[in-house]
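Note sheet for the following structure.
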Amino acid sequence: MKILVLNSGSSSIKFKLLEMPLEKIICSGMVERIGYEDAILRFKKDDINVQETVPIKTHREGLSILANYLTHTQKGAIENPQDIHAVGHRVVHGGDSFAETTLITEAVKDEINYYSALAPLHNPPNLEGIEIAEKLFPTAKQVAVFDTAFYQTMPIKARKYAIPNEFYTEDNIKVYGFHGTSHKYVSEKAIKYLGRETSKIISIHLGNGCSMTAIVNGKSVDHSLGFAPSNGLIMGSRSGDIDHSVIFHLVDGLGYSLNEVKQLLNKKSGMLGLTGSSDLRDIQAKAEKGDKNCQLALDMNAYRIKKYIGGYTAAMNGLDAIIFTAGIGENSSLIRKLACLDMDYLGIKLDSVKNEKLSNVLREINTDSSQVKILVIPTNEELEIAKQVFNLIS
Ligand code: ADP
């Protein structure tokens with residue numbers, strides 16, 4: 001069964017075509033910089049590797065070009081659009097309406113549209129991707145996989161903010177959580193690896209966006225992102241935790257507009273604000289050459305992770321494993337080292353030799369005497385989406 005996975009963002013569309021249940025990637029690609037004359041199209045199948053700079057004005061145009069590639073006589077992967085059984089769409093915000101992967105109907109689209117108010121950067125392009133895919137692949141089942149679904153199990157004490165109750169009950173202001181597909185995927189791998197009946201796990205997703213989830217017996221019990229993907233860890237360009245009084249001071253004391261503060265905290269802060277770069281590779285390289293700002297930013301980044309590890313261990317009353325995943329988690333031995341430093345009182349002991357080893361498969365990087373397993377697990381959100389779609393429709 002051929003399943004097309006689509007991740008339609010504000011200025012990009014990523015896709016993977018998978019043969020399921022074999023979990024085989026047939027081809028993959030993306031369009032970036034939608035809306036620009038110099039948009040970039042990438043397509044990969046076996047040893048065919050296409051990269052073109054072309055003007056792509058809209059998502060519709062971008063997806064149509066990708067669909068043409070899929071059916072291209074020489075380079076393509078399918079003969080016609082009917083060969084695709086289902087399209088799995090990543091949808092960022094499903095609010096409290098969707099605890100499960102869902103077949104898309106008009107009512108489901110209305111709900112996704114409703115939650116656009118809470119995820120204005122993500123849900124509108126997700127919805128647009130769905131509507132275009134319905135036209136391009138009319139015989140395929142369209143399925144939504146929600147980033148927020150994994151957090152529906154979180155207890156209310158971890159979901160509610162300490163503001164007057166009516167904001168929770170009437171205005172739906174609460175922790176929704178993000179990166180759920182990734183945390184679910186890697187935690188399931190970890191549970192299988194641990195081979196235990198019960199488990200207490202902290203999953204640490206460190207990409208451009210960063211988040212941590214406390215997971216007991218496969219179910220999330222706490223999570224560092226909140227109402228929007230801005231709380232918690234220090235991210236590429238987002239501040240993470242910050243006293244809200246800073247926002248009032250920026251507006252009332254320093255004369256910033258609310259929109260400017262939004263841009264500042266989401267687009268100009270985090271590692272970018274601290275060092276001038278949001279890319280961890282650049283920051284590590286500069287830190288190695290003695291750049292003090294970069295060294296401090298790396299310390300701050302890891303210190304925030306440590307605090308959440310401590311908090312979640314207390315919340316779960318124990319810890320069996322921590323997982324590092326996504327671009328930084330999988331590749332930066334330095335961040336892993338700093339985040340696990342002096343944590344032996346919690347039973348966390350990193351093996352510095354194993355930590356330095358490069359690999360793209362699940363690996364254990366703790367010492368033999370460490371009570372807590374430290375795992376590096378490559379995330380694969382597209383595969384997780386394809387699995388969930390396959391399970392729903394087969
Ligand atoms: P996204 O959230 O966009 O999917 P990724 O999971 O691809 O992000 O992670 C991007 C981050 O991973 C960047 O900060 C990048 O610098 C970092 N990264 C990628 N490879 C390495 C590496 N080898 N060493 C350190 N950091 C890396």
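The values are calculated or read from the model by the stated rules, or taken from the named source; none is laboratory data. Note that this is a predicted model, so its numbers are computed, not measured. With ideal geometry, Cβ positions are generated from the backbone for all residues, glycine too; neighbour counts draw on all protein chains shown. The accessibility values were calculated without ligands, DNA or RNA, using every heavy atom of the protein model including side chains. Shrake-Rupley method; radii C 1.70, N 1.55, O 1.52, S 1.80 Å.
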In the stretch 121-135, the residues that are open to solvent by 50 Å² or more (accessible area, probe 1.4 Å) and over 20 Å from PHE390 (Cβ atoms) = LEU121, HIS122, PRO124, GLU128, GLU131, LYS135
task = Please give the number of the condition ASN80 fails out of (1) open to solvent by 30 Å² or more (accessible area, probe 1.4 Å); (2) within 24 Å of PRO229 (Cβ to Cβ).
result = (2)
message = Can you report the number of residues in the stretch 285-310 which are away from the ligand (no atom under 13 Å from the Cβ) and touching a residue at least 60 places away in the same chain (Cβ under 8 Å)?
response = 5
ask   = Can you name the condition, by its number, that PHE15 falls short on among (1) open to solvent by 90 Å² or more (accessible area, probe 1.4 Å); (2) within 15 Å of GLY88 (Cα to Cα)?
value = (1)
query = Quick check: is even one residue across the stretch 269-277 open to solvent by less than 60 Å² (accessible area, probe 1.4 Å) and away from the ligand (no atom under 16 Å from the Cβ)?
reply = no
remark   = Of those in the stretch 186-229 that are within 16 Å of the ligand (Cβ to nearest atom) and at pLDDT below 95, the residue farthest from the chain's Cα centre (by Cα) is ALA228
task = Run GLY290 past the list (1) over 20 Å from the mean Cα position of the chain (by Cα); (2) open to solvent by less than 40 Å² (accessible area, probe 1.4 Å); (3) closer than 23 Å to SER239 by Cβ and report the number of the one that doesn't hold.
result = (3)
message = What's the number of the only condition in (1) modelled with pLDDT of 95 or more; (2) in contact with a helix residue (DSSP H, G or I) (Cβ under 7 Å, 6 or more places away or on another chain) that CYS340 fails to meet?
response = (2)
remark   = Residues of the stretch 44-77 being part of a loop (DSSP other than H, G, I, E, B) and surrounded by 14 or more Cβ atoms within 10 Å (Cβ to Cβ), in sequence order, are THR71, HIS72, LYS75, GLY76, ALA77
